[in-house]
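Chemist: Let me give you the structure first, and then I'll get to my questions.
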Amino acid sequence: MSSDTATTNRTQTARFQRKRELILDAAAAEINENGALGMTLADVAAMVGLNTTSVTYYFKRKEVLAAACYDRSLDRIEAIVESAERAPDPRSRVRAYVDESFAQRARIRDGDEPPFTVLSDLRAMEGPEREALADRYRGLLRRIRGFFGAADNERAKALLTARTHVLVETIFWLPGWLQHYATDEFPRLSARMFELFDTGLAPRGAAWAPVSTLLAEDASPEGPELARRNFLKAATRLINERGYRGASVERIASELNVTKGSFYHHLDAKDELVVNCFAHSFAIQTQAQRAADRADGSQWERLCSAMAMILDVQFSERGPLLRTTALQALPSRVRGAMVERSDHVARRFAGMMIDGISEGSVRAVDPLVASQTLVAMLNAAYELHNWADALAPADAIGLYASTLAFGLFDDRMLA
């Protein structure tokens, strides 16, 4: 091969890679806006100035393009995990993982890295691409779990599962609240989050102390209200498991053994369904916060009670709450309103923390960072409902809540 031919081949390869990356950037933006099932090759092509046929030269099918976007995100998480694994002990590994995750978000916002494809809609995919991505994701979770070292008994293994889940999910929720901050604040926010992971919310000597309180949700409804609640519960569960677009009207109706016409008897459109599911979920969390506020005891005890009530819903047949991952496929005007509702729940938790810090019953933390971390932890709990089934209900709640109550490295719940 002549030197001119080799140079031409390298130029063509570089041009191919640049165009491929541009397509991936556009597809990532589309997935983040409309979900994997809502992304189309035509829309991606229009964003990069190509026609659809030209895009299929790089990616034969939409599913292949979506899988490539997810693979690229997993590559970037894997690089962070690999770097953190080199740290000498559990605390420094978690600190490195948190710091680099915040730094990555800063680089993305500053335009120094391409957009990150949100992984939440991966569950809506079907076929071999989904299985390959899910296997890879599970492998990453095992490596992150390795940050904490080995467990020598089943209870310790259960606690490591909870710690890993909370660490990963709170990092995934960063885009949900970092827009309120400038990137030069990210190092401080990262430090405050790690402090929470390190020593938790509870001051020295405090114990896990929830008070059982009956929620309005616990009342036994009848007639239309019972039908509506069952409808929302089934829809919420399916959306959590399959994503917004994967939970079709047909699947929801089949889950309840009703016709599609019954769906439209309850709601006019699927977007309205998600809004109603979110409203129901936020109402449960607000009920728990209000019930805890009415209880006697310190702010720490009230905070424990609110956490326990919400986790009890997540781990029982009364749940689940709708995952914030469903926000991804909502129209932007609706999405903003739902994020505001989530922020309201977080601000109420922040107020409880501030009062607790003032009275000395809650450790001095950044209440804004801690409240968003707590909301992410509570919202993600449903993913571990099978994990919770292997434990007594109160034990599952206490073990899971200990991840933020006492931090990711405290072993008192193993006694």
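Chemist: Assess whether Leu74 counts as being closer than 28 Å to Phe102 by Cα and under 26 Å from the mean Cα position of the chain (by Cα).
Modeler: On the way: closer than 28 Å to Phe102 by Cα: yes; under 26 Å from the mean Cα position of the chain (by Cα): yes.
Yes: the conditions hold for Leu74.
Chemist: Among the residues in the range 319-342, are any modelled with pLDDT of 90 or more, more than 15 Å from the chain's Cα centre (by Cα) and under 25 Å from Arg237 (Cβ atoms)?
Modeler: no
Chemist: Also, I was wondering about something else. Tell me, please, whether a residue that is over 18 Å from Arg76 (Cα atoms) and more than 20 Å from the chain's Cα centre (by Cα) can be found in the range 168-180.
Modeler: Taking every residue of the range 168-180 in turn, none turns out to be over 18 Å from Arg76 (Cα atoms) and more than 20 Å from the chain's Cα centre (by Cα).
Chemist: Okay, moving on. Among the listed residues Ala370, Ala380, which satisfies the condition of being at pLDDT below 95 and not in a loop (DSSP other than H, G, I, E, B)? Steps first, please.
Modeler: Details: Ala370 fails: at pLDDT below 95.
Of Ala370, Ala380, the one residue that is at pLDDT below 95 and not in a loop (DSSP other than H, G, I, E, B) is Ala380.
The values are calculated or read from the model by the stated rules, or taken from the named source; none is laboratory data. What you see is a predicted model; the values in this text were computed from it and never measured. All Cβ positions, glycine included, derive from the backbone under ideal geometry; neighbour counts span all protein chains shown.
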